[in-house]
Structure formats: structure tokens, C-alpha cells
Amino acid sequence: FEKIEDFKEAFKGHTHMFSCLGSTRKQAGSADNFYKIDHDYVINASKIFKEVNPDSKLHFILLSAVGSNPKSSFLYVKTKGQIEEDLKDMKFSRLSIFRPGQLFNRGHDSRPLENISAFFAKGINYITFDRVGISVDILAKAMVRITQVPSNEKPDDNGNVVEILENKAACELAKRTDIPGFENDTEDQIEESKKEENK
């Protein structure tokens, strides 16, 4: 990512871009490094994506975070909010922003404090109908499915769409089996993911 300009050719000819890049201040080593990884790397790559595909309708799918706010005093949600605003300014034909809350079943990327909060969040999630957290596999399914369905949001004057999906909307999208290419994704498979989530 430090030399992303050297890889422009890899972005050519594509109409969809996913960004799931993220870190923590602890992992990055400093606030500056965290901002560089979470914000600069994403924005620099997105600029190249748009630059090398000038005549295409581009769909950018961003994994952000619940509570993202560019005016926040908290570094994490402030950075996520700034990413969202910068991507909006780039005027993609469609910008889909996913704002998950607690992420369940992160596997090797699990974090001790998150594991503790996840224990309580799963219980709350059950009684709030998926509003608190989401399993990473269900979130991934939703992010892929969004590329295959039209947006429910009204386009702006230039025909561009910005849509924001939080936990509940992402879960509902992941459960859909009427989307071309996902007809074989049965309710049983979704329920199995939910069981894993609740372990």
C-alpha cells in the first residue's frame, strides 16, 4: 500500500471495489500509523480505482463501523467517518457503506476485549433482532449480495447513490435467497451461521 501507484494496472477493467482494510491504534503502533492504514491506504486505492476506470459506473463497497462520525473526539470512529465522507466526495455511481457493530467469530483476528464484549452482545443481539452484532461470515455474504441487487436509496441529481447498512439490514440481505447466483444458499445454511454466531 505504500507504493499503490505501482499497481494501477490491477485496478483497470473492474467495476466493483471492496474495502475491508482496518487496524487498531495498538496494532498500528501509533495514532498516525492507524490513520495512515485505515484512512490513507483506503482513499489512495479508491482514487486509483476511479482514475483508471473513467468511463465505467463504479460501485464501491466499504466496511466501516457503527457510530462512525468525522466530528467525533474518538480516533477510531472519527477516522471511519472521515473515510466515509471522503468517499462520498468522490462521487462513485454507488457507494455502499456497511456499519457493523460487534463482530462475532473473527477467528485468528479476534481481540481479547472484543471476545468479552461479544459474549454479552450475542445475548442482547438475540432480543434486539440482530441490531447489536453480526457474524463475519454473514456480513461477508451481505457485502457480496449488495453487488447483485438494486439500491433502495434515491439517486442524487447526478444519478449517484449512497446507502448505509447497519447490522439488521446486513442480516436481512444475507438471508435473501432470491438473488441470482445465491439460489442455493438455503435458510438452513443461514441458520447454521446463526448457531455458530451464538456459541
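Taking Val66 and the conditions (1) at pLDDT below 95; (2) surrounded by fewer than 16 Cβ atoms within 10 Å (Cβ to Cβ); (3) under 21 Å from Val161 (Cα atoms), which numbered condition does it fall short on, given that it satisfies the others?
Of everything listed in (1) at pLDDT below 95; (2) surrounded by fewer than 16 Cβ atoms within 10 Å (Cβ to Cβ); (3) under 21 Å from Val161 (Cα atoms), Val66 misses just condition (2).
Can you tell me which residues in the stretch 132-152 are buried (at least 18 other Cβ atoms within 10 Å of the Cβ) and of a type in the set (Ser, Thr, Tyr)?
Within the stretch 132-152, just Ser135 meets the criteria.
Would you check if Asp38 is open to solvent by 50 Å² or more (accessible area, probe 1.4 Å) and of a type in the set (Asp, Glu)?
So Asp38 fails the test.
Which numbered condition trips up Glu2, out of (1) modelled with pLDDT of 95 or more; (2) in a loop (DSSP other than H, G, I, E, B); (3) over 23 Å from Asp157 (Cβ atoms)?
(1)
Of everything in the stretch 69-92, what is buried (at least 18 other Cβ atoms within 10 Å of the Cβ) and either in a strand (DSSP E or B) or touching a Leu at 6+ places or on another chain (Cβ under 8 Å) (or both)? Give them in sequence order.
Result: Ile83, Glu84, Leu87, Phe92.
Please tell me if Lys47 is open to solvent by 50 Å² or more (accessible area, probe 1.4 Å), outside any helix (DSSP H, G or I) and out of contact with any His (no Cβ under 9 Å at 6 or more places or on another chain). So that I can check it myself, show each step before the final result.
On the way: open to solvent by 50 Å² or more (accessible area, probe 1.4 Å): yes; outside any helix (DSSP H, G or I): no; out of contact with any His (no Cβ under 9 Å at 6 or more places or on another chain): yes.
Here the answer is no, as Lys47 does not meet what is asked.
When the residues of the stretch 161-178 are filtered to those that are more than 16 Å from the chain's Cα centre (by Cα) and surrounded by fewer than 16 Cβ atoms within 10 Å (Cβ to Cβ), which remaining residue is modelled with the lowest pLDDT?
The selected residue is Thr177.
I'm told Leu95 meets every condition in (1) assigned to a helix (DSSP H, G or I); (2) out of contact with any Gly (no Cβ under 6 Å at 6 or more places or on another chain) except one. Can you identify the failing condition by its number?
(1)
Filtering the stretch 5-31 down to residues that are assigned to a strand (DSSP E or B) and under 30 Å from Ser73 (Cα atoms), which residue is farthest from the chain's Cα centre (by Cα)?
Restricting to residues being assigned to a strand (DSSP E or B) and under 30 Å from Ser73 (Cα atoms), the top hit is Met17.
Which condition number does Phe92 fail, the rest of (1) at pLDDT below 95; (2) within 27 Å of Thr15 (Cα to Cα) being met?
The single condition Phe92 does not satisfy is (1).
The values are calculated or read from the model by the stated rules, or taken from the named source; none is laboratory data. Treat the numbers as computed from the prediction; the structure is a model and nothing was measured. When we count neighbours, we look across all protein chains shown, and the Cβ atoms used for this are built from the backbone with ideal geometry, even at glycine. Accessible surface is based on the protein model in full, side chains and every heavy atom, while ligands, DNA and RNA are left aside. Shrake-Rupley method; radii C 1.70, N 1.55, O 1.52, S 1.80 Å.
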